[in-house]
Amino acid sequence: MTKLIKSINEIKDNLSNCEKPIGFVATMGSLHKGHISLIDKCKSENKTSVLSIYVNPLQFGPDEDYKQYPRNFEEDLKIANEKKIDYVFAPDDEDMQPKHKSEIIPPPDYLSSILCGISRKNHFTGVATIVNMLFNIIEPNNSYFGKKDLQQLYIINWLVKEFNLPVQIKACPIVREENGLACSSRNKNLNKEQKSVAANIYKSLELAKQNSRSGIFTASKVILESLIHLSRFKDIKIEYFEAREKEKLSKVNDNQTSNIYYLTAAKVGNTRLIDNIEA
Ligand code: AMP
């Protein structure tokens, strides 16, 4: 039976003498197949598994969708039970408020002021701050993150290295719907037509991968071709479509066509979606 815990002291007490290794999956709930792939990997590699469900207000800007963010707590608990997660940690906002300035963790600009960080100003500070708090509370040996939030994954890896945290970060592949759309809690805010249009975001990334691997296009031509594909869909409003190298997510030299990621963010209706592909 999964044990639901809200209090920080109680989860610490429970984990202090549990069987190690502890595996941890951090989520904002409204669980889908992407989350479940992380849970399955976590279960298979650890003796004790912890799932956090916490919609982190610090990572939403004032004009963003904190209030509309899908919440589905009862269903999430059912899934946790079915998956035999040992602990669900679902803290209250009050307990997760940083109490000291030193608990606020702004990641370096080279990672946090690019891509999603341009439109979401303090987003990655909110992410790093809360994930660091969760790591301090849970003290996991292994923690599982999806490549879907690729920039976030780089930030988490930075966090662990910067503060020498004793946790292994495990990067997990992107799980997709049948039509290619990357699974996301926000997909619940899309209607049927929007979902089918949104699949073109993935198609444009697949096209980028193909064009990139063909060896005939420069990175900027690859991007242009994908943008031309996307321009056919009026309901997709592109925020960015970029090529970044793998090591530090730096900009690529135009002749580089391998060891790169193509990353994009777009709105379909009011729903902001992100996705990426390795080329
Ligand atoms: P979230 O609940 O959106 O904060 O996501 C929690 C974790 O699940 C993060 O590590 C995400 O990268 C991961 N995740 C979300 N969607 C997917 C997906 N489609 N495939 C793989 N991992 C995902």
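Where a number appears in this text, it was derived from the coordinates with a stated rule and is not lab data. Bear in mind that the values here come from a model prediction, so they are computed numbers and not experimental data. Every residue, glycine among them, receives a Cβ derived from its backbone with ideal geometry; neighbour counts consider all protein chains shown.
Give the range 239-278 a look and list any residue that's touching a residue at least 60 places away in the same chain (Cβ under 8 Å), of a type in the set (Lys, Arg) and farther than 22 Å from ALA171 by Cβ, or say none.
ARG272
So if I check each of LYS41, LYS47, LYS3, which one is more than 13 Å from the ligand (Cβ to nearest atom) and closer than 17 Å to GLN168 by Cα?
Only one candidate qualifies: LYS47.
State which residue is farthest from the ligand (Cβ to nearest atom) when the search covers only the range 168-182 and only residues that are in a strand (DSSP E or B) and either small (Gly, Ala, Ser) or closer than 20 Å to LEU15 by Cβ (or both). Spell out the reasoning first.
The initial filter retains those residues of the range 168-182 that are in a strand (DSSP E or B), namely 168-172, 176, 182.
With either small (Gly, Ala, Ser) or closer than 20 Å to LEU15 by Cβ (or both) added as a condition, the list becomes 168-171, 182.
Details: GLN168: 14, ILE169: 10, LYS170: 10, ALA171: 9, ALA182: 5 Å.
Going through the qualifying residues, I end up with GLN168.
Of the residues ILE5, ILE79, ILE11, ILE36, which is farther than 27 Å from ASN122 by Cα and touching a His at 6+ places or on another chain (Cβ under 9 Å)?
Answer to the selection: ILE79.
Hey, LEU165 hits all of (1) within 21 Å of ILE8 (Cα to Cα); (2) more than 13 Å from the ligand (Cβ to nearest atom); (3) assigned to a helix (DSSP H, G or I) but one; which does it fall short on?
Against the list (1) within 21 Å of ILE8 (Cα to Cα); (2) more than 13 Å from the ligand (Cβ to nearest atom); (3) assigned to a helix (DSSP H, G or I), LEU165 comes up short only on (3).
Only residues that are near the ligand (Cβ under 10 Å from one of its atoms) and in contact with a Ser or Thr (Cβ under 6 Å, 6 or more places away or on another chain): list them for the range 24-38, please.
Once the filter is applied, which keeps residues that are near the ligand (Cβ under 10 Å from one of its atoms) and in contact with a Ser or Thr (Cβ under 6 Å, 6 or more places away or on another chain), the range 24-38 yields ALA26, SER30, HIS35.
From the list HIS123, HIS100, pick out the single residue that is closer than 25 Å to ARG272 by Cβ and not hydrophobic (A, V, I, L, M, F, W, C).
Matching residue, one of HIS123, HIS100: HIS123.
Restricting the search to the range 126-162, which residues are farther than 17 Å from LEU15 by Cα and of a type in the set (Val, Ile, Thr)?
Correct list: VAL127, THR129, ILE130, VAL131, ILE155, ILE156, VAL160.
Go through the range 151-162 and count every residue that is of a type in the set (A, V, I, L, M, F, W, C) and either more than 16 Å from the ligand (Cβ to nearest atom) or touching a residue at least 60 places away in the same chain (Cβ under 8 Å) (or both). Lay out the reasoning, then the answer.
In the first step, residues of the range 151-162 are kept if they are of a type in the set (A, V, I, L, M, F, W, C); the result is 153, 155-156, 158-160.
If we keep only those that are either more than 16 Å from the ligand (Cβ to nearest atom) or touching a residue at least 60 places away in the same chain (Cβ under 8 Å) (or both) as well, we get none.
Of the residues in the range 151-162, 0 are of a type in the set (A, V, I, L, M, F, W, C) and either more than 16 Å from the ligand (Cβ to nearest atom) or touching a residue at least 60 places away in the same chain (Cβ under 8 Å) (or both).
Does LEU77 satisfy being buried (at least 18 other Cβ atoms within 10 Å of the Cβ) and either within 11 Å of the ligand (Cβ to nearest atom) or within 15 Å of PHE135 (Cα to Cα) (or both)?
No.
Is it true that some residue in the range 253-275 is over 20 Å from ILE118 (Cβ atoms) and of a type in the set (A, V, I, L, M, F, W, C)?
First, the residues of the range 253-275 that are over 20 Å from ILE118 (Cβ atoms): 253-259, 269.
Narrowing the set further to residues that are of a type in the set (A, V, I, L, M, F, W, C) leaves none.
No - not one qualifying residue is present in the range 253-275.
Since LEU227 meets every condition but one in (1) surrounded by fewer than 17 Cβ atoms within 10 Å (Cβ to Cβ); (2) touching a strand residue (DSSP E or B) at 6+ places or on another chain (Cβ under 8 Å); (3) farther than 19 Å from ASN276 by Cβ, which condition does it not meet?
Condition (3) is where LEU227 drops out.
Surrounded by 18 or more Cβ atoms within 10 Å (Cβ to Cβ), more than 16 Å from the ligand (Cβ to nearest atom) and either over 18 Å from ILE156 (Cα atoms) or free of Cβ contacts under 8 Å to residues at least 40 places away in the same chain (or both): is that true of ILE11 in this structure?
yes
So, in the range 104-124, how many residues would count as being among the polar types (S, T, N, Q) and either under 14 Å from the mean Cα position of the chain (by Cα) or crowded, with 23+ Cβ neighbours inside 10 Å (or both)?
Residues in the range 104-124 being among the polar types (S, T, N, Q) and either under 14 Å from the mean Cα position of the chain (by Cα) or crowded, with 23+ Cβ neighbours inside 10 Å (or both): 1 in total.
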